[in-house]
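Encoded as structure tokens, the structure appears first; notes follow it.
The values are calculated or read from the model by the stated rules, or taken from the named source; none is laboratory data. Just so you know, these numbers come straight off a predicted model, no measurement behind them. Quick reminder, even Gly has a Cβ in these numbers, built from the backbone with ideal geometry, and neighbours come from all protein chains shown. Heavy atoms of the whole protein, side chains included, go into the accessibility calculation; ligands, DNA and RNA do not. Shrake-Rupley method; radii C 1.70, N 1.55, O 1.52, S 1.80 Å.
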Amino acid sequence: MTSSVERLPAGLARRIALAAQGFAEPRPTGGVGTRQLRRTAERLAVVQIDSVNVLSRSHYLPFFSRLGPYPRSDLDAVSNRRHDVFEYWAHEASFLPVRLHPHLRWRMAAADREAWGSMTRVQQERPEYVASLLARVRTDGPIRASQLQEERPNRPGSMWNWHAGKAALEYLFFTGALTARGRTAGFERVYDLPERVLSHAVFQAPTPERPDAIRELVRTAARALGVATETDLRDYFRLAPVDARTAIAELADAGELQPVEVVGWNRPAWLDPQARRPRWIRARALLSPFDSLVWERPRVERIFGFRYRLEIYTPAAKRVHGYYVLPFLLGDRLVARVDLKADRKAGVLRVQGAFAEPGVDAVEVAAALADELRLMAGWLALDQVVVNGRGDLADALGLAVAGGDDRG
């Protein structure tokens, strides 16, 4: 006799997902240091990296969203000096806890199938050049792509406008022959041999068989998501459908995933049996467009009823909400979105657009959002928040920001 599948109310599923992502706990009241940053990195497992710096480099933002203000130099220490996390292609280019390094070696070994574009092309067309760069790093030490005398191709509008040297280094990075020692102040990746970057324990750790490694990645994704569909679990580490389905079935058979139905999802879902089930969430956070809570847009719409699209690559005249738009989480709902820019020269956090979700109390949302914007401005070493006139929340937010400034 088969047991019945648990049916989760949509609100509970939303709270489970938020708790799994670190939003059920209050922000620390004391100082935030490397211990809290490492714990958050372990909880999320994947922190996406992006080069856009109109507000802040994206990887700094998920930690601020969950922990509040912290020294960004401490996160640099975790990645660049302590190497508690490493860079690799997971969801996209990402920071991951070093414990996952062995579990991604199958992807490194399959670089000729898994990598793409100029990375594989340079290996196919100039294998001796790729080998010579690896030998150079082994002999001369860490290297940046800008140190190579290679002509940059003229491909206007391409995001992957790499010269042959950069493509070769990226191929070696994908294969695991090189890893990232750190990033420069200009965010350029510094490549080095993994045995000179990773700890001996990590570098010498046995390489799991591919099915075991993928099972661990799905297990990790399930913990980070709380409750998820097969697609959600697969997307976290960008796994192939057949691999993810096999791992999910095996984890379910072992009792490590529980099948559930979520009201309104209209598709099967899986619950981490150890996931917290909070009765309420009292979060207040601005979310990077690349935050793991919102990076899979269909999941965001399914859980929050929030339609979200990244408009960075949309022509300015066709943008609906703006260039770098952050959803605003209040309680357990996404209640607004703001287009933000850090004007470092003027010392101003500019709100270039502010938009409320239907049915919210604009005054209440504006007051909470103003407080969070002031907190973010201080963290970014900006002197004030300035609200421009775009969006249906802009007037209320401008008044809330001005009122807060007057009280201060």
The chain, Gaussian network, Cα under 10 Å: of Val387, Val218, Val54, the residue fluctuating most is Val54
Near the amide H of Glu261, under 5 Å away, which other amide H atoms are found, from residues 5 or more places off or on another chain, if H is placed in the peptide plane?
Glu6, Arg7, Leu8
Length gained if Val5 through Arg279 is fully extended, taking 0.36 nm per residue and subtracting the Cα-Cα distance, is 96.5 nm
Could you pull the Cα extents of the range 178-292 along its three principal axes, largest to smallest, in whole Å?
48, 39, 23
Binning every alpha carbon pair distance of the range 1-97 at 10 Å from zero, what are the percents per bin?
14, 41, 27, 11, 5, 1
Ordering Asp140, Asp383 by how much accessible area each has at a 1.4 Å probe, largest first, what is the list?
Asp383, Asp140
List the residues of the range 277-299 whose backbone N lies under 19 Å from a point placed 7 Å from the Cα of Arg307 along the Cα-to-Cβ direction.
294-299
Would you mind telling me the share, in percent, of accessible area of the chain contributed by carbon and sulfur at probe 1.4 angstrom?
49 percent
Give me Rg over Rh for the range 214-359, both radii from the alpha carbons and Rh done the Kirkwood way, two decimal places.
1.04
With Kirkwood's inverse mean 1/r over C-alpha pairs for Rh, give me the Rg to Rh ratio of the range 115-198, two decimals please.
0.95
Cα centroid distance between the range 201-245 and the range 1-53, in Å?
17 Å
Neighbourhood net charge (11 Å Cβ-Cβ; Lys/Arg +1, Asp/Glu -1) for Glu188
+4
Straight-line reach only, C-alpha to C-alpha below 19 angstrom: list the aspartates and glutamates that Lys345 could link to, leaving out same-chain residues fewer than 8 apart.
Asp383
For the chain, what is the accessible area per residue in Å², given a 1.4 Å probe and the full set of protein chains?
45 Å²
Restricting things to Cα coordinates, could you compute the convex hull volume per residue of the range 309-406 in Å³?
105 Å³
Measuring from the lowest to the highest alpha carbon on each principal axis, how far does the chain reach, largest first, in angstroms?
68, 63, 43
The chain - mean residue ellipticity at 222 nm from DSSP helices (-39,500 (n - 2.57) per run, n ≥ 4, rounded to 500)
-11500 deg cm²/dmol
Formal net charge of residues neighbouring Ala201 (Cβ-Cβ distance under 13 Å; K, R +1; D, E -1):
-1
Restricting to the chain, what percent of DSSP beta bridges are antiparallel, rounded to 5?
85 percent
